[in-house]
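The structure appears right after this line, and notes come after that.
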Amino acid sequence: MCDEDGIISMYRLTCVHCGRSYSPDEIIYTCRSCGHLLFVEYDLGSLHIRREDWDRRPLSVWRYRELLPVTIPPVTLQEGGTPLYRLERIGEEIGIPNLYAKHEGMNPTGSFKDRGMTVGVSMALQLGKSTVACASTGNTSASLAAYAAKAGIPAVVLLPAGKVALGKVAQALMHGANVISVRGNFDTALEMVQDLCISHGLYLLNSINPFRLEGQKTIGFEAIDQLGGVPDRIVLPVGNAGNISAVHKGLRELLALEFIDRLPMMTGIQAEGSSPVVRAIRDGLPEVIPEQRPETIATAIRIGAPVNAEKALTAIRQTGGTAEQVTDDEILAMQRALAQREGIGVEPASAASVAGVKKLAEAGVIDPGERVVCVVTGHLLKDPETVIRQCKPPTEINADLHSLLSALQCS
Ligand code: F0G
């Protein structure tokens, strides 16, 4: 592929809507012709990718480096390679025996965002940018702060005031980001940070950044490698809709490379109070209608105007998938079930994917014979306050055996 200067590169940035292409060296987030999002388009035919090379390397984001845009030594904290657990008890209970959870909470900062940030922050350096920024419901800011620290560059993060889980704010602060709390919701903070980046040259690392999504697509690659084949369905919690779009994009590349022979049904789960993608799918709308006042206990996905909605609707529709909403009670019940019946600690947004599978299985949408992978996106410790509120406090006793035995009700 040649860019305007005739330089050969292995990829370009292409508009999802009008197809206009841009040089990979341009700092650009949306199409100058039509304003829609861009994606990284590889010249797959000219890449030298061999399955055996991937198989030889440890499971991680960088196992798949030929399908990533980074050409410098990456900024890495050893992200990816997360466990894929079979949900034996929950799967049996809801009638989907081949139910799996890919635990993205096991990444360096406790969420899947690290996959995006290792690529995104590396690209910032590759493109010569010296300050990075994002708006965030929490996890993106924690991850960006850590990767910026590793890269040795400053980070600015905008958070919706009072609506970010404690663990995530703690991470962003401790990793040394400049943390700004905006009196407004995530959607407003995202508009503000976009304006800031465009006017002052900071490098924007929200999921509107096509390079960040390249890292996140490796969730799907790993799940296939771990399962030894393509699952029938991949289920993800949806907020800004970047992750579901990223996984779909990556799998389409594997299909084009003939590494797989079909795509899983991409299925998105949203919280009832923040579900514009679900309504668009249900009502067959060409685009989402933003929600002005999104609300849910799962603050990670408390988003009314998902910027990647166009890509996500395509992912769901092209693969015969679906979208479903779950209530806060359903989310919390599944968070407890995962913790107490499977030993898997996740934050509320993550439990939404499994809660959604339960609902879709009960409705007969998911067939009992399907092999289903749920992406559980963030660790339990991200939001300790929501955990503590659901649990009985510890029993405090005097420091003697008698008190211990009576607390344990043994004689
Ligand atoms: N799960 C968790 C734990 C998240 O933090 C997010 C998004 C999602 C799911 C949804 O992913 O936006 O790609 O659809 N968190 C972003 C943030 C918005 O700022 O941390 P998505």
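The values are calculated or read from the model by the stated rules, or taken from the named source; none is laboratory data. Given the structure is predicted, the values throughout are model-derived calculations rather than measurements. Reconstructed Cβ throughout: ideal geometry from the backbone, glycine too, with neighbour counts over all protein chains shown. Keep in mind that these areas ignore ligands, DNA and RNA; they rest on the heavy atoms of the full protein, side chains included. Shrake-Rupley method; radii C 1.70, N 1.55, O 1.52, S 1.80 Å.
At-a-glance table
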item	result
Lone qualifier among Ala149, Ala145 - being modelled with pLDDT of 95 or more, open to solvent by 10 Å² or more (accessible area, probe 1.4 Å), small (Gly, Ala, Ser) and in contact with a His (Cβ under 6 Å, 6 or more places away or on another chain)	Ala149
Residue count, segment 175-233 (criterion: under 19 Å from Glu79 (Cα atoms), among the hydroxyl-bearing types (Ser, Thr, Tyr) and out of contact with any Phe, Trp or Tyr (no Cβ under 7 Å at 6 or more places or on another chain))	1
Given (1) within 14 Å of the ligand (Cβ to nearest atom); (2) surrounded by fewer than 20 Cβ atoms within 10 Å (Cβ to Cβ); (3) more than 15 Å from Val132 (Cα to Cα), index of the condition Val179 fails	(3)
Residue that is nearest to Ser136 (Cα to Cα) [pool: residues in segment 181-206 that are part of a loop (DSSP other than H, G, I, E, B) and touching a residue at least 40 places away in the same chain (Cβ under 8 Å)]	Asn206
Qualifying positions in segment 330-354 - more than 13 Å from the ligand (Cβ to nearest atom), open to solvent by less than 60 Å² (accessible area, probe 1.4 Å) and not β-branched (Val, Ile, Thr)	Leu332, Ala333, Met334, Ala337, Leu338, Ala339, Glu342
Residues of segment 396-407 satisfying the condition of being open to solvent by 100 Å² or more (accessible area, probe 1.4 Å) and either among the hydroxyl-bearing types (Ser, Thr, Tyr) or farther than 24 Å from Gln340 by Cα (or both)	Asn398, Ala399, Leu401, His402
Segment 107-145 - residue that is hydrophobic (A, V, I, L, M, F, W, C) and within 13 Å of the ligand (Cβ to nearest atom) and, of those, nearest to the chain's Cα centre (by Cα)	Phe112
Meets criteria (assigned to a loop (DSSP other than H, G, I, E, B), on the phi < 0 side of the Ramachandran plot and more than 16 Å from the chain's Cα centre (by Cα)) for Gln292	yes
Helices (runs of 4 or more DSSP H) wholly inside segment 207-289 containing at least 3 residues that are within 15 Å of the ligand (Cβ to nearest atom) and among the small types (Gly, Ala, Ser)	242-256
Filter result (among the hydrophobic types (A, V, I, L, M, F, W, C), assigned to a loop (DSSP other than H, G, I, E, B) and within 12 Å of the ligand (Cβ to nearest atom)) within segment 295-313	Ala298, Ile303, Ala305, Val307
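Yes/no matrix, rows are residues, columns are (1) buried (at least 19 other Cβ atoms within 10 Å of the Cβ); (2) within 21 Å of Gln171 (Cβ to Cβ); (3) away from the ligand (no atom under 15 Å from the Cβ):
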position: Ala361; (1), (2), (3): yes, no, yes
position: Val365; (1), (2), (3): no, no, yes
position: Val375; (1), (2), (3): yes, yes, no
position: Asp383; (1), (2), (3): yes, yes, no
position: Thr386; (1), (2), (3): yes, yes, no
